[in-house]
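What follows is calculated from the coordinates using simple rules that are stated; it is not laboratory data. No experiment lies behind these values; they were computed from the predicted model shown. Heads up, the Cβs are rebuilt from the backbone with ideal geometry, glycines too, and the neighbour counts pull from every protein chain shown.
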Amino acid sequence: MTATLPVLTPKDFASDQEIRWCPRCGDYSILAQMKKVLPTLGIPKENFVFVSGIGCSSRFPYYVDTYGFHSIHGRAPAIATGIKTSRPDLQVWVITGDGDALSIGGNHLMHMLRRNVNLKVILFNNQIYGLTKGQYSPTSPVGVKTKSSPYGSVDNALSPLCYAIGSEATFVARSIDVDIKHLTMVLERAAQHQGTAFVEVYQDCNVFNHDAFLYATDKNVKGDHILYLEHGKPLTFGQTVKKGIRLNGATPEVVDLGKGMSEDDLLFHDEKSADPSLAFLLSRFKHPVFPEPLGIFRNVVAPVYDDQVNKQLEAEVAKKGTGDFDKLFHSGDTWVVE
Amino acid sequence: MSSTDVLSPEPTPAAPKRREERDSVVIRFCGDSGDGMQLVGTQFTNVSASFGNDVSTLPDFPAEIRAPQGTLAGVSGFQLNFSSHDIFTPGDEVDTLVAMNPAALKTNLPDLKRGGTLIVNTDEFDKGNLQKAGYATSPLEDGDILSKYQIHKVAMTRLNRDAVSGLGLSMKDQDRSRNLFALGLVYWLYDRDRTPTEEWIQDKFKKKPDVVEANLRALRGGFNYGFSTESFTTHYAVPKAKLAPGKYRKITGNEAVAWGLAAAARLAGKSLFFGGYPITPASDILHTLSELKHFGIRTFQAEDEIAAMASVCGAAFAGEIAVTASSGPGICLKGEAMGLGVMTELPMIIVNVQRGGPSTGLPTKTEQSDLLLSFYGRNGDSPVPIVAASSPGDCFHLMIEAVRMAVDFMTPVVFLSDGYIANGSEPWSIPNFADLKPIEVKHPAGRPADAEGTADDFLPYLRNEKGARPWAIPGTPGLEHRIGGLEKADITGNVDYSANNHHKMVMNRINKVAGIANYIPLQTVEGPESGKLLVISWGGTFGAVRTAVQQSLKNGKSVAHAHLRYMNPFPKNLGEIVKRYEKVLIPELNAGQLSLLIRGKFLVDAQGLNKLQGKPFLVSEVVRKIDEMLES
């Protein structure tokens, strides 16, 4: 007889804590979609763990009624690695932001990704430090004027997805807080991936950086500025005129469809490509020169860190038997004193 | 001398040899860091320990893996004391010094006692090597040295080449076995059994028969040289020590830490998670544990010290016996995540194998200068229990107690070792695993949802009689809760910044750690229960201080010794002990850290004896200070 799981609803994942994000913060939408996705995964509630660092987004674990660890700035990937490596039975989510993951925690992020630890990572990218009240972040564009860059930031911006793909991430995706359906789909796909699933979510900080993603959210223009990726489909977009992305040699270019240009001439998306070059190319698309892709950039199968660690343990036990301390203590040179 | 002479099974001595008995002997092998001095020192130790001597060792090597050959910076040494009675230190003065080159002679000669035996490899005393060591002329012709010591000039390189010739080895490979020639000679000098080393060579190089043969010939060549040459007229025997009956092995501090952790996890019915980052002199703990996977041990070589500590916090939350090990600079980086461990009140062990600081300091040299770092090296009032091992073997048993403390009181525990304990070794009475006391771990049971679909509220910060909160682990139904670095409300564990709650929670954490004093052993004292002078020591200085106090007691001095293993909290009778003596002396390998604590806590005028040379105390240094304080 198989045990039946109780039927869970989003309500089961609501904690009793008052949510302290600013009104209309993009974080609310991500929390709501997460609560929708969790009950559908067939995992008992007690087997979820949410781990976060520091920042607005990192308050997230307090608002989900699962096990949670609101930790220290930038270190959530390392803490989550400790949890997941020792307890592969748990599904562990890492909630982080652009400052937390890419500035103070950049090193841990890289190593979690290259190891392919079986963690689900949501990076809330609002291109600003919100909790410390508005300084530029590693994803803020050059020239942005903030409290700490009154004459414009001179720092080059980092693309979270370029970084992830460069770190050999096996699942890389992007979504946006206001596109509820798409965000839900991406979270579900991330949950199903074996290995590190890295999801960047464009998130509106309506207090300090409300304009950052208007190009991608304004109903009147967004069709020209974002491109929905679908595996096996050509790269097309366009608010009124249907456009596509074609490769001219190794260089991508935007073309209008029709007038002799058909979908067959376009670049086709292949999220399963073992070679990350296509995913990397897509991650380089930046507004306003290119439409910015949303969806699954990369989704490949690779050995999973925590599996490998635990398989080594099992293999050693199979080979040597469960460790015997008396045998260990008496190994090597010993002598008896009468 | 031809190779057949050297290999002759029963060479004829040039003159009859005397055999004398010695109570204890200190030998130091020194040479270039590529000369294999650590190897021969370890072999001599093993052979002496298995013969039944008490042994104590002090490896001393440069931070550079291969400093330029022949230079003073590249000298590597291994000192050991082997004895027919109990010993606690590797010895103050060296009885026999083996110097493989001029640089080794120059840096080590000051420690050789007047009249001691000096064996030098004359083949390395060429112009170039003399120059690198800063000698204008050969010290071997120096009348002063010749008159002070019993010098044996041995053309070791040439003799060894003769011994191993005919095996088709290159000159370089022939010279690789030179250290075993030196070892063989010293084996003869101290009447040691070569067999264990011969077996070790056969096992170690079993895939390279020519290397086995070369090393065996080198060892026997050295041995037979001692036997047959006129230069050595006497050899010495050091009888077995009267150790407590039982089975023994040799153990280093780092091995004992690793095995103690492994054993503690098993005693707790748990698996062990070790998150670490390579650092001298702590790396051997990671190496040892990573070989023990079949004991259910997971080792995580993290990307940095911060991640290592963070992964330990995660594993502790997940229900593991979680531990990290590092040294000073690494511990500094771990500080923030250790604070997270304090705030979230999770059990974990932080091993600090102390080395000379600050900053990178003296990576391979010992010091005790991280005591105050352990106490106060985090933001906020951030109390952690601290224990300090007193010898290599002590690391094993103290580690089990540290893990018991961590899970009993739900707290990070700092375990202090040092470079001297970590790399030093001593005979270790092998325990029966079944005799070790189990560690009781309680996880609250799950609470399945009731009819309405809601479980009782779980209170993650409700404390027991020891002040410990429950260790509810993910995967337990109904106990879902959130922890983190923000201040928590008493009992419920919800985020709470309110004034009175913070005051209460800081005091809860402080009182919990202070209360551990009610559960640890009372402080004991060696010597009179009251009197003129109390010497207080902690950590790796145990051997030197205990020996010094015993010597002073034998000479009728009014002196007693209290050696601390529990640093925070102190044993609860310590304050009362301290006040029973007129004066208090605290010898430490730092500028006065325990002194500051003892003076501050007990308002006594404790005096320090402070040594900051990256080396352990000599017994004589402590004796001199005891005499000075008793006379003044």
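Values as computed for the structure displayed
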quantity	calculated
Trypsin sites (Lys or Arg not before Pro) restricted to the range A:260-331 and DSSP loop, no more than 16 other C-beta within 10 Å	A:Lys272, A:Arg284, A:Lys286
Angle in degrees between helix B:542-554 and the longest Cα principal axis of chain B, rounded to the nearest 10	70 degrees
Shape category assigned to the range A:152-296 from the gyration tensor of Cα positions, a/c cut at 1.5	rounded
Scaled radius of gyration (Cα, divided by 2.2 N^0.38 Å) that the range B:402-453 gives	1.98
Loop-located chymotrypsin sites (Phe, Trp or Tyr not before Pro) in the range B:369-454 whose Cβ has at most 14 other Cβ within 10 Å (DSSP)	none
Listed residue pairs exceeding 32 Å between alpha carbons, taken from B:Lys208/B:Lys293; A:Lys320/B:Lys466; B:Lys207/B:Lys242; B:Lys293/B:Lys365; B:Lys106/B:Lys583; B:Lys442/B:Lys579	A:Lys320/B:Lys466; B:Lys207/B:Lys242; B:Lys106/B:Lys583; B:Lys442/B:Lys579
Antiparallel bridge percentage (DSSP; both residues within chain B; nearest 5)	35 percent
FRET efficiency, B:Lys601 to A:Thr334 (Cβ-Cβ, R0 41 Å, nearest 0.05)	0.40
Label zone at B:Tyr236, where the point sits 7 Å out along the Cα-to-Cβ direction: the range B:69-98 residues whose backbone N lies under 19 Å	B:78-98
Span from the the range A:145-211 Cα centroid across to the the range B:250-272 one, whole angstrom	43 Å
Where a label projected 7 Å from the Cα of B:Gln131 along Cα→Cβ would reach, residues of the range B:52-79 with amide N under 19 Å	B:68-74
Sites matching trypsin sites (Lys or Arg not before Pro) across the range B:91-188 that sit in DSSP coil, with at most 16 neighbouring C-beta atoms within 10 Å	none
Positive-end residue of A:Pro44, A:Gly97, A:Ala274, charge dipole of chain A with Cβ unit charges	A:Gly97
Hull shadow area, averaged, the range B:3-237 [alpha-carbon convex hull, nm²]	12.5 nm²
Of every Cα-Cα pair in chain B, the percent that sits beyond 47 Å	23 percent
Per-selection Rg to Rh, the range B:231-353 - Cα, Kirkwood hydrodynamic radius	1.17
Tilt relative to chain B, helix B:499-514 - C-alpha long axis, 0 to 90 degrees, to 10	40 degrees
Förster radius 41 Å - calculated FRET efficiency between A:Leu41 and B:Leu372 (Cβ-Cβ, nearest 0.05)	0.25
FRET efficiency, A:Ala318 to A:Ala32 (Cβ-Cβ, R0 60 Å, nearest 0.05)	0.85
Distribution of pairwise C-alpha distances over the range B:249-435, 10 Å bins, in %	11, 43, 38, 9, 0
Virtual spin-label span in nm between B:His85 and B:Leu462, 7 Å along Cα→Cβ	6.0 nm
The range A:1-99: equivalent-ellipsoid semi-axes (sqrt of 5 x gyration tensor eigenvalues, Cα, Å)	23, 19, 9
Where the Cα pairs of the range B:322-390 fall when distances are cut into 5 Å bins, in %	4, 16, 30, 26, 15, 7, 2
Compactness index (Cα Rg / 2.2 N^0.38 Å), the protein assembly as shown	1.11
Approximate spin-label separation B:Tyr519-B:Thr360, in nm, with each point projected 7 Å along Cα-to-Cβ	4.2 nm
Mean residue ellipticity (222 nm) of the protein assembly as shown, computed from DSSP H runs ≥ 4 via -39,500 (n - 2.57), nearest 500	-9500 deg cm²/dmol
Gap separating the Cα centres of the range A:261-289 and the range B:100-118, nearest whole Å	71 Å
Furthest towards positive pole of dipole, A:Asn125, B:Gly540, B:His563, structure part the protein assembly as shown, Cβ charges	B:His563
Equivalent ellipsoid dimensions for chain A as semi-axes, Å, which come from the Cα gyration tensor, largest first	39, 25, 21
Rh (Kirkwood; distinct C-alpha pairs) - the range B:531-631, Å	13.4 Å
